[in-house]
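Quick notes on the structure that follows.
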Amino acid sequence: MLKTRTLLTALRSSTPSLRNSSTIEGVKFNDKPLEEPPDVWSFDSSGIQSFDSVPGPKGIYALPFIGPLVHVKKFSNGKIGGLNDILRAYRQAHGDLFRLRIASRWIVVVSNPDLAKEVLSIRVKYPFRPEVEIVKIFGIRNNKEEGLGTLQGEAWWNLRKPAQDHIMKPSAVRSYIPLIDEVAGDFVASLKDTRTIDDCLQLLNAVATECMGMLCFNRRLGCLQGQSPISMEDLNTIFTSTAEAGKFFKPYKYFRTPFYRRFEKAVLKLHCITDNEIECAVQRLKSTAEESTENAHASCPNLLLSMMTDGRLTKDRINLLITNLFGGGIDSTSNTMTFLWYELAANEEAQKKVYDEISDHSSNHGLDTTALSKMTFLKACLRESMRKNFPTNVGSVRIFDTDCNISGYKIPKKTPILIASNNISKDSRFYKYPDQFIPERFLRGSDALDNKTRHSHPFAFLPFGFGPRSCIGQRFAETEILVVTLNLIKNFRISLPSGSPKNLESVTRTFTAPAKKVTLHLTPRPGP
Ligand code: HEM
């Protein structure tokens with residue numbers, strides 16, 4: 001808890017000797033040298049097989065540019081299907097480790113949890129994720145540094161380390177529970193007279209934006225009353241464009257195409273919104289600090305303030321980070337929550353168990369932190385929903401700057417290695433009955449299930465990635481989804497319109513989204 005005096009000290013502190021410091025009206029920021037990340041990986045190359053022996057397409061299918069075109073045709077019956085379908089077909093043809101051409105480059109794909117573990121356990125100083133070209137080009141054309149998701153090397157680490165110290169600490173996330181609970185409570189109250197949610201995702205976008213407003217700017221943005229500062233259309237443009245921009249032809253590299261211009265406009269708007277919000281948040285902090293008595297703000301968790309007073313980040317980098325968090329935290333959670341609600345609506349029995357669990361553990365006096373930790377079945381439902389409706393496109397990609405040994409093959413440095421997590425989580429070898437919603441898979445001690453049905457390999461399910469480059473917002477996202485869902489199910493029984501399919505079809509952009517509008521019916525539960 002931050003007391004007013006601490007706030008004042010933090011806001012007034014200034015150290016003349018700090019390097020790279022900049023100021024927001026008297027608030028000092030600086031870049032302190034960071035402790036070095038751990039060991040660099042090296043391997044013994046004796047006795048391993050060459051890269052050419054890695055299974056994969058041969059002959060015409062292995063040719064640069066031509067290969068990808070013909071193999072897409074071959075493996076998808078002439079249709080350019082989803083990348084996951086193509087990877088599944090490749091796995092069936094070549095096994096769990098194969099290489100294939102994307103344009104002129106080789107990439108290596110691993111499709112089982114043991115191989116995923118092998119790749120993700122390679123410890124390097126700065127894990128490298130492939131660049132997103134359109135983001136890079138935007139940065140160059142607008143003189144803006146790249147964000148956490150696409151920065152590399154030491155620059156990435158210098159941003160990631162202080163950010164994760166503040167965002168990933170369980171105590172930091174716990175302190176946001178009452179604030180998320182407040183948003184969730186208001187949301188559920190706004191549904192009092194609603195019997196049908198026409199477009200679930202649209203509504204959840206507003207809830208997720210409101211929650212991110214609390215995390216990033218410490219203020220209620222008013223999204224539940226239709227006052228969202230960012231339009232969902234702009235966020236859609238950003239995420240759809242980053243997914244689309246990776247495709248074969250990239251004219252936006254050379255010209256400001258209409259596609260690129262739409263992307264640029266949406267990202268600039270996002271920057272403008274966060275810059276403005278941060279400025280206002282700093283002003284609010286200053287006036288709070290100048291008041292002599294303690295008030296509500298002083299005892300609230302405050303990510304922005306803790307970063308400003310931490311001393312390792314400049315003002316520009318804090319703005320960049322907050323922009324990443326705000327932009328990255330909306331689409332991801334709203335889509336994931338929509339799938340979870342669909343599953344609960346489609347699976348009456350699971351929903352009843354969630355309701356019973358909520359009735360057993362929650363009270364009417366706000367959400368108790370320990371109560372949330374007891375909602376094990378609800379958590380299992382979330383995980384099972386993410387397994388079945390995997391939230392991201394394909395899976396994590398890693399690139400190493402030294403050669404490495406994967407399963408006895410030498411993988412040359414700089415070769416992207418893709419962990420096909422989306423496919424692994426739906427592979428019947430690791431999850432029997434993959435199309436069925438069986439939350440018990442993720443319950444500890446669920447001995448009634450056999451090993452093939454139960455979740456039994458930690459690397460078979462990686463919706464947030466793994467390791468130092470994993471999702472920095474994981475804890476916040478999970479907490480938000482659980483708290484909002486808990487509030488909904490506590491107050492309403494949810495169901496699908498008659499004739500709805502059991503499984504919701506999806507489209508993959510950066511985050512997986514429902515292919516069609518999701519409509520839900522609400523039946524109020526009896527009061528306490
Ligand atoms: C259900 C919701 C979410 C899912 C499924 C998700 C998933 C992911 C995944 C798979 C990655 C890449 C991991 C890897 O390469 O190994 C990632 C990275 C990232 N996520 Fe999330 N995410 C979610 C919510 C959030 C939220 C709420 C925030 C912000 C508060 C956030 C911010 C980020 C950032 C900044 C990165 C880049 C981290 C880095 O490269 O160091 N995410 N996320």
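Exactly one condition in (1) crowded, with 21+ Cβ neighbours inside 10 Å; (2) within 16 Å of the ligand (Cβ to nearest atom); (3) within 30 Å of residue 49 (Cβ to Cβ) is not met by residue 411; state its number.
It is condition (2) that residue 411 fails.
Can you tell me which of 116, 206 is surrounded by 14 or more Cβ atoms within 10 Å (Cβ to Cβ), aliphatic (A, V, I, L, M) and in contact (Cβ under 8 Å) with a residue 40 or more places away in the chain?
On the way: 206 fails: in contact (Cβ under 8 Å) with a residue 40 or more places away in the chain.
It is 116.
Just wondering, is there one or more residues in the range 353-367 that are charged (D, E, K, R), within 14 Å of the ligand (Cβ to nearest atom) and in contact with a helix residue (DSSP H, G or I) (Cβ under 6 Å, 6 or more places away or on another chain)?
Among the residues of the range 353-367, not one is charged (D, E, K, R), within 14 Å of the ligand (Cβ to nearest atom) and in contact with a helix residue (DSSP H, G or I) (Cβ under 6 Å, 6 or more places away or on another chain), which makes the answer no.
Among the residues in the range 418-431, are any away from the ligand (no atom under 16 Å from the Cβ), out of contact with any Pro (no Cβ under 8 Å at 6 or more places or on another chain) and small (Gly, Ala, Ser)?
Within the range 418-431 (the criterion being away from the ligand (no atom under 16 Å from the Cβ), out of contact with any Pro (no Cβ under 8 Å at 6 or more places or on another chain) and small (Gly, Ala, Ser)), the answer is no, since none of the residues qualifies.
Quick one: how many residues across the range 119-178 are among the polar types (S, T, N, Q), within 14 Å of the ligand (Cβ to nearest atom) and loosely packed, with under 14 Cβ neighbours inside 10 Å?
Initial filter on the range 119-178 (among the polar types (S, T, N, Q)): 121, 142-143, 150, 152, 158, 164, 171, 175.
Imposing the further condition that a residue be within 14 Å of the ligand (Cβ to nearest atom) reduces the set to 121, 150, 152, 158, 164.
Subset that is loosely packed, with under 14 Cβ neighbours inside 10 Å: 121.
Total satisfying the criteria: 1.
Which of (1) surrounded by 15 or more Cβ atoms within 10 Å (Cβ to Cβ); (2) touching a helix residue (DSSP H, G or I) at 6+ places or on another chain (Cβ under 7 Å); (3) closer than 28 Å to residue 189 by Cβ is the odd one out, the single condition residue 459 does not satisfy?
Tallying (1) surrounded by 15 or more Cβ atoms within 10 Å (Cβ to Cβ); (2) touching a helix residue (DSSP H, G or I) at 6+ places or on another chain (Cβ under 7 Å); (3) closer than 28 Å to residue 189 by Cβ, residue 459 fails exactly one: (3).
For the range 360-373, indicate whether the set of residues that are among the charged types (D, E, K, R) and not in a loop (DSSP other than H, G, I, E, B) is non-empty. Walk me through how you get there before you give the answer.
First, the residues of the range 360-373 that are among the charged types (D, E, K, R): 360, 368.
Keeping just the survivors that are not in a loop (DSSP other than H, G, I, E, B) gives 360.
Yes.
Could you grab me the full set of residues in the range 516-528 that are at pLDDT 95 or above and either of a type outside the set (Lys, Arg) or crowded, with 17+ Cβ neighbours inside 10 Å (or both)?
Correct list: 518, 519, 520, 521, 522, 523, 524.
Is there a residue being in a helix (DSSP H, G or I), modelled with pLDDT of 90 or more and of a type in the set (Asp, Glu) anywhere in the range 80-90?
The answer is no, given that none of the residues of the range 80-90 is in a helix (DSSP H, G or I), modelled with pLDDT of 90 or more and of a type in the set (Asp, Glu).
Taking the range 299-324 only, how many residues are under 20 Å from residue 173 (Cα atoms) and in contact with a strand residue (DSSP E or B) (Cβ under 7 Å, 6 or more places away or on another chain)? If you could, list the steps in order and put the result at the bottom.
Residues of the range 299-324 under 20 Å from residue 173 (Cα atoms): 299-310, 318, 321-324.
Keeping just the survivors that are in contact with a strand residue (DSSP E or B) (Cβ under 7 Å, 6 or more places away or on another chain) gives 308, 318.
Summing the residues that are under 20 Å from residue 173 (Cα atoms) and in contact with a strand residue (DSSP E or B) (Cβ under 7 Å, 6 or more places away or on another chain) in the range 299-324 gives 2.
Can you go through 318, 278, 330 and tell me which one is at pLDDT 85 or above and more than 14 Å from the ligand (Cβ to nearest atom)?
Details: 318 fails: more than 14 Å from the ligand (Cβ to nearest atom); 330 fails: more than 14 Å from the ligand (Cβ to nearest atom).
Of 318, 278, 330, the one residue that is at pLDDT 85 or above and more than 14 Å from the ligand (Cβ to nearest atom) is 278.
Can you list the helices (runs of 4 or more DSSP H) found entirely within the range 144-254 that contain at least 1 residues being farther than 22 Å from residue 471 by Cα, in contact with a Phe, Trp or Tyr (Cβ under 8 Å, 6 or more places away or on another chain) and hydrophobic (A, V, I, L, M, F, W, C)? Talk me through it step by step, then tell me what you get.
Numbers: elements: 153-167, 170-175, 177-190, 200-217, 232-244.
Helices (runs of 4 or more DSSP H) meeting the threshold: 177-190, 200-217.
The values are calculated or read from the model by the stated rules, or taken from the named source; none is laboratory data. Source: prediction; values computed, not measured. Here the Cβ is made from the backbone with ideal geometry for all residues, glycine too, and neighbour counts use every protein chain on show.
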